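Down below is the structure, laid out as structure tokens.
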Amino acid sequence: MFSAIYEGILLGLFLAISIGPAFFALINTGISYGFRSGAALALGIFFSDLFFVLVTVSLIHFGMSDLLTNPKHQAFLGVVGGIVLIVYGVVHFVNNPKTDPNSTTIEIKSPRRRVLLIKGFFLNMFNPFVWIFWIATTTAISSKYEFKMFRIVIFFCSVLAVVIGTDLLKTFVAHKIKQMLNAKMLLRVRHISGGLLIAFGMYLIYKVFFLH
């Protein structure tokens, strides 16, 4: 059991330092709207990861993992995920609040937390790289632990606990950074994170049509 906890924590820490769309979305939300809004987004991402784990464990247990590894299904996820990321990124440019250069705040209405929770869920959901990661991890761990469900559950509980903990920490740090930035710098961070989300989205679509 202790090896399952230890390995789960290590994998969770690896995910914590991985940089992807969810990372930039968390930082942007924490800076733009504050810790509670960022926490709602983090919970959405957490529930998405939990959903992935439950689905992949079930599919592998019943010998149906090819449903997710099928190239056509991955291509569909890539296109939809790319569009979702591009739309989120564009919103950061279109929803452009007026700022006072000498102010430390930007006047922008925070989305409802339930909206941010849903956003976090689908932002993670339609990233095919996340699916591939969880399928590979579930396959390896199920084989290593010889499909002993208790140890598998302990492992994934450890992973997800570290992931949600570090995501909340990222959001908290981003909120604290906000207090050290003026409005112009805050807006620049918002545009940079939006641009990175658009870039990730375009790469997903490019990968589907040109790298397959």
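Things worth noting here:
- Flag for residue 204 being closer than 27 Å to residue 53 by Cα, at pLDDT 80 or above and of a type in the set (A, V, I, L, M): no
- Residue identified as surrounded by fewer than 16 Cβ atoms within 10 Å (Cβ to Cβ) and touching a residue at least 12 places away in the same chain (Cβ under 8 Å) among 144, 176, 170, 184: 184
For (1) in contact with a Lys or Arg (Cβ under 9 Å, 6 or more places away or on another chain); (2) polar (S, T, N, Q); (3) within 20 Å of residue 20 (Cβ to Cβ); (4) touching a residue at least 24 places away in the same chain (Cβ under 8 Å), each residue gets a yes or a no:
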position: 128; (1), (2), (3), (4): yes, no, yes, yes
position: 131; (1), (2), (3), (4): no, no, yes, yes
position: 136; (1), (2), (3), (4): no, no, yes, no
position: 156; (1), (2), (3), (4): no, no, yes, yes
position: 159; (1), (2), (3), (4): no, no, yes, yes
position: 164; (1), (2), (3), (4): no, no, yes, yes
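- On the stretch given as segment 9-26, residues that are surrounded by 21 or more Cβ atoms within 10 Å (Cβ to Cβ) and among the β-branched types (Val, Ile, Thr) total 0.
- Residue, modelled with the highest pLDDT, within segment 77-115, restricted to residues that are over 15 Å from residue 191 (Cβ atoms), within 22 Å of the chain's Cα centre (by Cα) and of a type in the set (Gly, Ala, Ser): 82
- Matching residues in segment 187-206 - criterion: being over 30 Å from residue 76 (Cα atoms) and touching a Ser or Thr at 6+ places or on another chain (Cβ under 7 Å): 187
- Qualifying position, being part of a helix (DSSP H, G or I) and either modelled with pLDDT under 90 or under 21 Å from residue 152 (Cα atoms) (or both), among 25, 39: 25
- For segment 116-155, filtered to residues that are of a type in the set (Phe, Trp, Tyr) and farther than 24 Å from residue 84 by Cα, the residue that is modelled with the lowest pLDDT is 147.
- Of the listed requirements (1) assigned to a helix (DSSP H, G or I); (2) modelled with pLDDT under 90, residue 158 misses just one: (2).
- Lone unmet requirement of (1) closer than 20 Å to residue 194 by Cα; (2) at pLDDT 75 or above; (3) surrounded by fewer than 19 Cβ atoms within 10 Å (Cβ to Cβ); (4) not hydroxyl-bearing (Ser, Thr, Tyr) for residue 54: (1)
- Residues located in segment 12-28, provided they are without any contact (Cβ under 8 Å) to a residue 24 or more places away in the chain and under 17 Å from residue 197 (Cα atoms): 18, 19
The values are calculated or read from the model by the stated rules, or taken from the named source; none is laboratory data. Being a predicted model, the structure only gives us computed values, none of them experimental. When we count neighbours, we look across all protein chains shown, and the Cβ atoms used for this are built from the backbone with ideal geometry, even at glycine.
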